[in-house]
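Everything on this sheet refers to the single structure shown next.
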Amino acid sequence: MTTSTRGTGKVPAVLVLEDGRSFRGRAYGAVGETFGEAVFSTGMTGYQETLTDPSYHRQVVVMTAPHIGNTGVNDEDPESKKIWVSGYVVRDPARVPSNWRSVRTLDDELSAQGVVGISGVDTRALTRHLRERGAMRVGIFSGDALPDEGTLLAKVRQAPEMKGANLSAEVATEEAYVVPAIGTKKFTVAAIDLGIKGMTPHRMAERGIEVHVLPATATVEDIYAVEPDGVFFSNGPGDPATAEHPVALMQAVLERQTPLFGICFGNQILGRALGFGTFKLKYGHRGINQPVQDRVTGKVEVTAHNHGFAVDAPLDKVSDTPYGRAEVSHVCLNDNVVEGLQLLDRPAFSVQYHPEAAAGPHDAAYLFDRFVSLMEGQRA
């Protein structure tokens, strides 16, 4: 929960982690208090896309790059209609943005949307702490919300944890909508919104796909009412262990052998649908510089990530599942985390990262073409 007034950059603020460590700084954005899971993002650019990614719902994002806000804020780059992070932590915010597309400052945008942040923090030390101790609950407090730190620590420890959180329905659309194909329409895709980013249906539309974006609560009947050539499961926040409805929905799609593509949360849903478990990573992968190997081609890609959970599937063998054989198709080269799955006997695959890649990189854009190939093969 956030209470806020406009920050001035001179108002004292403090960040308190659930293990008792604290960092003092200055208010950035709104003034008040906020709580969430402390995570760090290693991207040196694309902060606007990060802030508006629904997958960051209920997370306090620490930016490892020291200079944030240099390019200001525009109205073209947001990935959704609002900022979703529950708090924002930066070291050296830009005093004056310098970009021809900028229409307002990042500080003003955070203030306008009631997002409590803190600046002047040693984000390198904070990131090292989170890498050693793991992602954890955190609170940011400023202005009148600054009693003694013992009281603040107690409030942080009362905040809900990310493990066990069922959040996708909180960020998904409530009403279905259509993103039309660009140029000649070739296919129809039903996209289940678990926290979808705006660039994702756009990437499909660029390939002649008419995308019907459906709420997270959609039924099998809702999916097939649009007569889809393929079904897509999006990214989103929360613990995949709680996602019973999306898992059952995906299993119904697998039963019908409709071409299926999932990203991020959608990859975890596919893992669960196939009978694999999921687990919480110590500090997750977040940023736009994560190396992943496509084990199908052997190619190494630099990719955009935002996930704190992963699929527990064997890397060294093909697995038998209720829907045929499955294998790990992509793996993170930093820590061997499963970054993709594919079925060998049905047209279904997924990846744990963001091939739409706003704000970059674009190494994995071919995955949308792979989805198109699945639909072409099914049609033939």
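Data overview
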item	result
Contour excess over end-to-end distance, with Cα ends at Asp92 and Thr42 and 0.36 nm allotted per residue	16.5 nm
³J(HN,Hα) computed for each position of region 195-212 - Karplus, 6.51 cos²θ - 1.76 cosθ + 1.60, integer Hz, glycine/proline x	x, 5, 8, x, 5, 5, x, 5, 4, 6, 4, 4, 9, x, 9, 8, 9, 9
Between region 29-67 and region 96-112, the Cα center-to-center distance that results, in Å	16 Å
Area of Ile196 that stays accessible when all protein chains are in place (1.4 Å probe, Å², to 10)	10 Å²
Residue-by-residue Karplus 3J(HN,Hα) for region 238-250, coefficients 6.51, -1.76, 1.60, Hz, glycine and proline x	x, 8, x, 5, 8, 8, 5, 5, x, 5, 4, 5, 5
Cα-based Rg and Dmax for region 168-241, where Dmax is the largest Cα-Cα distance (Å)	11.9, 40
Relative contact order (percent, whole number), region 73-165, Cα cutoff 8 Å, 6+ residue spacing	28 percent
Listed residue (Leu281, Phe309, Phe265) projecting farthest to the positive dipole end of region 191-319, Cβ model	Leu281
20 Å cut-off, amide nitrogen to a point 7 angstrom out along Glu376 Cα→Cβ, residues in region 169-209	181-190, 202-209
Highest-fluctuation residue, Tyr353, Tyr177, Tyr47 considered, GNM on the chain with Cα pairs under 10 Å	Tyr177
Cα-centre dipole for region 244-380 with unit charges at Cβ (Lys and Arg positive, Asp and Glu negative), debye to 20	140 debye
Candidates Gly164, Gly308, Gly139: whichever shows maximal mean-square fluctuation once the chain is modelled as a Gaussian network with Cα springs under 10 Å	Gly164
Global size of region 232-311 as Cα Rg and Dmax, reported in angstrom	13.3, 37
Debye, to nearest 20: dipole size of region 165-218, +1 on Lys, Arg Cβ, -1 on Asp, Glu Cβ	360 debye
Cα-based convex hull volume of the chain per residue, rounded to whole Å³	125 Å³
With every protein chain in place, the chain: carbon and sulfur % of accessible area (1.4 Å)	48 percent
Cleavage-rule hits, GluC sites (Glu not before Pro), region 50-129, DSSP coil, Cβ neighbours within 10 Å at most 10	Glu76
Beta bridges by DSSP in the chain, antiparallel share as percent, to the nearest 5	65 percent
Degrees, to the nearest 10: 149-158 long Cα axis against longest axis of the chain	20 degrees
Sequence-distant residues sharing a close amide H with Thr34 (under 5 Å, placed H)	Ile140
Inter-label distance, nm, simple model (7 Å from Cα along the C-beta direction), Ile182/Asp316	4.5 nm
Hits among lysines - C-alpha to C-alpha of Lys280 under 17 Å, sequence gap 8 or more where chains match	Lys163
Quarter of the Cα convex hull surface for region 250-380, i.e. its orientation-mean projected area (nm²)	7.4 nm²
Karplus-derived 3J(HN,Hα), 6.51/-1.76/1.60, for each residue of region 132-147, Hz, glycine and proline x	7, 9, x, 4, 8, 5, 8, x, 10, 10, 8, x, 5, 8, 10, x
Residue-normalised accessible area of the chain, given per residue in Å² at a 1.4 Å probe	40 Å²
Sequence-distant residues sharing a close amide H with Phe309 (under 5 Å, placed H)	Leu281
Hydrodynamic radius of region 182-221 per Kirkwood, over alpha carbon pairs, in Å	10.6 Å
Mean shadow area of region 139-211 over all directions, Cα convex hull, nm²	7.8 nm²
Sequence-distant residues sharing a close amide H with Gly117 (under 5 Å, placed H)	Tyr28, Ala30, Tyr88
Cβ-placed point charges (K, R +1; D, E -1), dipole of the chain about Cα centre in debye, nearest 20	900 debye
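The values are calculated or read from the model by the stated rules, or taken from the named source; none is laboratory data. Since the structure is predicted, the reported quantities are computational estimates derived from the model, not experimental observations. We place every Cβ from the backbone using ideal geometry, glycine too, and count neighbours over all the protein chains shown. These area figures cover heavy atoms from the full protein model, side chains too; ligands, DNA and RNA do not enter into them. Shrake-Rupley method; radii C 1.70, N 1.55, O 1.52, S 1.80 Å.
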